[in-house]
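The next block holds one structure in the form of structure tokens; read it before the comments.
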Amino acid sequence: MTAATELRAEQDRGRKAAQNREKWASVRTYISAAVILFWCLAPAYWMVVTAFRDVGYTYDTSLLPTHITLDNFRTAFDTSFGNRFGQALLNSVFIGVTVTVISLVLGVFAAYALARLNFRFKYLVLGFILGASMFPGVALITPLFQLFTNIGWIGTYQALIIPNISFVLPLTVYTMTSFFREMPWELEEAARVDGCTQGQAFRRVIMPLAAPAIFTTAILAFISSWNEFLIASQLSNDATQPVTVAIANFAGAQPQQIPYTAIMAAGTIVTIPLVILVLVFQRKIVAGLTAGAVK
Amino acid sequence: MATELGPTPVKEPASGGTPIHHGPKGVGEDNAIASQGKWASWLLAPTIVALGIVIVYPIISAIVMSFQKDAGLDPVTGLFTEGGPAGFSNYTNWLFQQCAAPGGGTVACPPGTLGSQFWSATGTTFYFTIVTVTLETILGFWMAIIMARTFRGRSLVRAAVLVPWAIPTAVTAQLWLFIFAFEGIGNKLFNTTILWTGSEIPARWAVIIADTWKTTPFMALLILAGLQMIPAEVYEAAKVDGASAWQRFRMITLPLVKPALMVAILFRTLDALRMFDLPYILTEGSNNTTTLSILVVNQIRQGFNSAAALSTITFIIIFIVAFIFVRFLGANVVEQQTGAGKGKK
């Protein structure tokens, strides 16, 4: 009797200790999660708060939004100090869309071949494409600068689009290759049994199924083109510069004073659409980002 | 290439193929491969041609350029010098700081010239790479472990880490420049009065902090994807056997996540070695924050051919580092990519 009670009491104590441990573990997890949230979001938050803050209070360090105004967004688009942010936005969209479309059109075929077909030199091709995706842009800039100077292409859109293809196309191919590997290819076999050619099976069955993967790849491709700075900073001019260059060179009324509030407004405009896009398609984006590295 | 893959890669049975090996095999299989090969070459041709134009052609032309003399005014004599074959002089200019002397021959590059900055830029590049990749690996691993746990709000955290990743680097640089301004929020929050861009150590750390902020999420997501491949039963079994949390981490998590981790570190290392945007905008390369990429860009307008030599050197350095990773540290990107790792799960 007493032995049984003691045993039960001991079990209770053991269970309580385990529960306690679990509780502490979960508290620690929440604290860590809060630290991660703060670390990732605080600087971005500061950008948005500053974007809405009156320019006279640029260095106001109160953490909550104060002196709220939309003036900075007007200043960002103002062209009187030589900034061409509006034009740069259009340039970035144009360059990004063109690069993305070209890379997808070329890349989708390559990815299909790499994911589905067996052929000699497959690993060589894969290695080449992976190597290309990690290729340093700085190794391209010199010969392209000379070439484009000679043929008068400096400051043209094609001079900005062509180098971007060098890193967006490999990214597109390897992201899409890993997406393609995971698709239900039995359906393609089924379509072929029903009399489709391989090309028809690809167009009518696989393409519709692949649409989400292609869309995700398009977002990743667009973002990497949108973020490009090194090549654009050297090969563009005032008329064709993308937003990254415009923001890096953003000038204020006084040369000695950096117009931070307007820059933060411009940064917010450039970032918000991307952040929304990324958050909406979060799962797919993460799958695409990590596609090459695990599996 | 295929020999580097080690054991025969395991493929999903549905696709029905084995990698091509030389040697005897059935005639039917040969035909199938031949017809697939024809298909594959048509499908791959546009990509290969495009990459040939945008990557291979510039590399070759950079190498050709790097053996040419830059035409232009001689900085010392003020006379116009013609171009022409340069031998290795563009390379010795960078590697051994040998600048052209007035009467022919070479002298040590005077301080302040770009030629004299090569080794310090190399040092800076490796300093940034080693410090940022180490920090990002540790922080990224920690974030990944937290994100792998189940708790309410987990999807919020996973979404939040994408925010720094989605912000363009040029914007990140301006944002941190503002945070690190003398009267900015950085000094205010930590109650310091550091002139962040004014001297070497703070300037370097401003770049390191901004880079770590921007790219740790990528690292964390890659490691998280690796962690999620580990079956929960393995941990349960280890728990039953009485393994401590540390033992579970060291004996299960680390070895099983290693392939994904190595690829993540390789990606980040190669990325860090070509770092440009952050130091170029944040510190303008001052106070020993000039990386090799910045040095190339500074050289371009002073002479293409010498810049071509420097960018070729940079490319070779990055290539060697990648080679070391793949060959000796087991970062097998192709194997990971082709799904061969599946057999090891």
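The values are calculated or read from the model by the stated rules, or taken from the named source; none is laboratory data. Worth saying up front: this structure is predicted, and the values here are computed from it rather than measured. Neighbour counts are summed over all protein chains in view; Cβ atoms, including those assigned to glycine, are modelled from backbone coordinates with ideal geometry.
Based on this model, can you work out whether B:Val234 counts as farther than 22 Å from B:Met275 by Cβ, in contact with a helix residue (DSSP H, G or I) (Cβ under 8 Å, 6 or more places away or on another chain) and loosely packed, with under 15 Cβ neighbours inside 10 Å? Break it down into steps so the answer makes sense when it comes.
Details: farther than 22 Å from B:Met275 by Cβ: yes; in contact with a helix residue (DSSP H, G or I) (Cβ under 8 Å, 6 or more places away or on another chain): yes; loosely packed, with under 15 Cβ neighbours inside 10 Å: yes.
So B:Val234 passes the test.
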Scan of the stretch A:123-143 for residues that are in a helix (DSSP H, G or I), of a type outside the set (S, T, N, Q) and touching a helix residue (DSSP H, G or I) at 6+ places or on another chain (Cβ under 7 Å), ordered by number
A:Tyr123, A:Val125, A:Leu126, A:Gly127, A:Ile129, A:Leu130, A:Ala132, A:Val138, A:Ala139, A:Leu140, A:Ile141, A:Pro143
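Working carefully through the options B:Ile167, B:Ile145, B:Ile209, B:Ile201, find the one that is more than 8 Å from every other protein chain (Cβ to nearest Cβ), over 20 Å from B:Val131 (Cβ atoms) and under 26 Å from the mean Cα position of the chain (by Cα).
Values: B:Ile167 fails: more than 8 Å from every other protein chain (Cβ to nearest Cβ); B:Ile209 fails: over 20 Å from B:Val131 (Cβ atoms); B:Ile201 fails: over 20 Å from B:Val131 (Cβ atoms).
So the residue among B:Ile167, B:Ile145, B:Ile209, B:Ile201 that is more than 8 Å from every other protein chain (Cβ to nearest Cβ), over 20 Å from B:Val131 (Cβ atoms) and under 26 Å from the mean Cα position of the chain (by Cα) is B:Ile145.
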Of the candidates A:Val101, A:Val168, A:Val138, the one satisfying the condition of being more than 9 Å from every other protein chain (Cβ to nearest Cβ), in contact (Cβ under 8 Å) with a residue 40 or more places away in the chain and of a type in the set (A, V, I, L, M) is A:Val168
Checking A:Ala9, A:Ala76 in turn, the sole residue that is without any contact (Cβ under 8 Å) to a residue 24 or more places away in the chain and among the small types (Gly, Ala, Ser) turns out to be A:Ala9
Would you be able to say whether some residue in the stretch A:252-272 is modelled with pLDDT of 80 or more, closer than 30 Å to A:Ala132 by Cβ and surrounded by fewer than 20 Cβ atoms within 10 Å (Cβ to Cβ)?
no
With the condition being at pLDDT 85 or above, I'd like the helices (runs of 4 or more DSSP H) fully within the stretch B:248-345 carrying at least 2 qualifying residues.
B:254-273, B:277-282, B:292-300, B:304-328
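Which residues, taken from the stretch A:141-152, are touching a residue at least 40 places away in the same chain (Cβ under 8 Å) and over 23 Å from B:Val321 (Cα atoms)? Give the steps one after another, and end with the answer.
To start, the set of residues in the stretch A:141-152 that are touching a residue at least 40 places away in the same chain (Cβ under 8 Å) comprises A:141, A:144-145, A:148.
If the condition is that a residue be touching a residue at least 40 places away in the same chain (Cβ under 8 Å) and over 23 Å from B:Val321 (Cα atoms), then A:Leu144, A:Phe145, A:Phe148 are the ones that fit.
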Just need a number here: residues in the stretch A:61-78 that are within 14 Å of chain B (Cβ to nearest Cβ) and surrounded by fewer than 16 Cβ atoms within 10 Å (Cβ to Cβ).
6
(1) more than 30 Å from B:Lys38 (Cβ to Cβ); (2) among the hydrophobic types (A, V, I, L, M, F, W, C); (3) surrounded by fewer than 24 Cβ atoms within 10 Å (Cβ to Cβ): which one isn't true of A:Val205, the others all being true?
(1)
Quick one: which of A:Trp24, A:Trp46 is outside the structural domain of A:Ala246 (by TED's automatic domain parsing), surrounded by 11 or more Cβ atoms within 10 Å (Cβ to Cβ) and in a helix (DSSP H, G or I)?
A:Trp46
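Considering only residues of the stretch A:256-290 that are part of a loop (DSSP other than H, G, I, E, B) and of a type in the set (S, T, N, Q), which is nearest to the other protein chains (Cβ to nearest Cβ)?
Taking the stretch A:256-290 and keeping what is part of a loop (DSSP other than H, G, I, E, B), we get A:256-259, A:281, A:290.
Okay, now just the ones that are also of a type in the set (S, T, N, Q), so A:256-257, A:290.
On the way: A:Gln256: 13, A:Gln257: 11, A:Thr290: 4 Å.
Going through the qualifying residues, I end up with A:Thr290.
With surrounded by fewer than 20 Cβ atoms within 10 Å (Cβ to Cβ), within 25 Å of B:Phe276 (Cα to Cα) and within 8 Å of chain B (Cβ to nearest Cβ) as the only criterion, which of A:Leu90, A:Leu147 stands out? Don't jump to the end; show me each part of the working.
Numbers: A:Leu90 fails: within 8 Å of chain B (Cβ to nearest Cβ).
Criteria check complete, one pass: A:Leu147.
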All conditions in (1) of a type outside the set (A, V, I, L, M, F, W, C); (2) farther than 30 Å from B:Phe180 by Cβ; (3) in contact (Cβ under 8 Å) with a residue 24 or more places away in the chain are true of A:Arg203 except (3)
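Among residues belonging to the stretch A:1-21 that are part of a helix (DSSP H, G or I) and among the hydrophobic types (A, V, I, L, M, F, W, C), point out the one that is nearest to B:Gly153 (Cα to Cα).
Of the stretch A:1-21, the ones part of a helix (DSSP H, G or I) are A:2-21.
If we keep only those that are among the hydrophobic types (A, V, I, L, M, F, W, C) as well, we get A:3-4, A:7, A:9, A:17-18.
Working: A:Ala3: 45, A:Ala4: 43, A:Leu7: 39, A:Ala9: 36, A:Ala17: 26, A:Ala18: 24 Å.
Here the residue is A:Ala18.
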Here is a list: A:Val270, A:Val278. Which entry is farther than 19 Å from B:Leu221 by Cβ and in contact (Cβ under 8 Å) with a residue 12 or more places away in the chain?
A:Val270
Quick one: A:Pro259 ticks every box in (1) within 22 Å of A:Arg74 (Cβ to Cβ); (2) in contact (Cβ under 8 Å) with a residue 40 or more places away in the chain; (3) out of contact with any Ser or Thr (no Cβ under 8 Å at 6 or more places or on another chain) bar one, so which box is it?
(3)
Expected single match for touching a Leu at 6+ places or on another chain (Cβ under 9 Å), under 13 Å from B:Gly140 (Cβ atoms) and within 10 Å of chain A (Cβ to nearest Cβ) among B:Leu273, B:Leu221, B:Leu266 is B:Leu221
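If I go through the stretch A:173-198 residue by residue, how many of them are part of a helix (DSSP H, G or I) and within 9 Å of chain B (Cβ to nearest Cβ)? Outline the logic, then answer.
Initial filter on the stretch A:173-198 (part of a helix (DSSP H, G or I)): A:173-181, A:186-193, A:198.
Going one step further and asking which of them are within 9 Å of chain B (Cβ to nearest Cβ), we end up with A:173-174, A:177-178, A:181, A:186, A:189, A:198.
Qualifying residue count, the stretch A:173-198: 8.
Quick one: which residue in B:Ser35, B:Ser15, B:Ser66 is at pLDDT below 50 and of a type in the set (Ser, Thr, Tyr)? Working first, answer last.
Values: B:Ser35 fails: at pLDDT below 50; B:Ser66 fails: at pLDDT below 50.
Just one listed residue meets the conditions, B:Ser15.
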Of everything in the stretch A:22-70, what is farther than 20 Å from B:Phe190 by Cβ, at pLDDT below 85 and charged (D, E, K, R)? Give them in sequence order.
A:Glu22, A:Lys23, A:Asp54
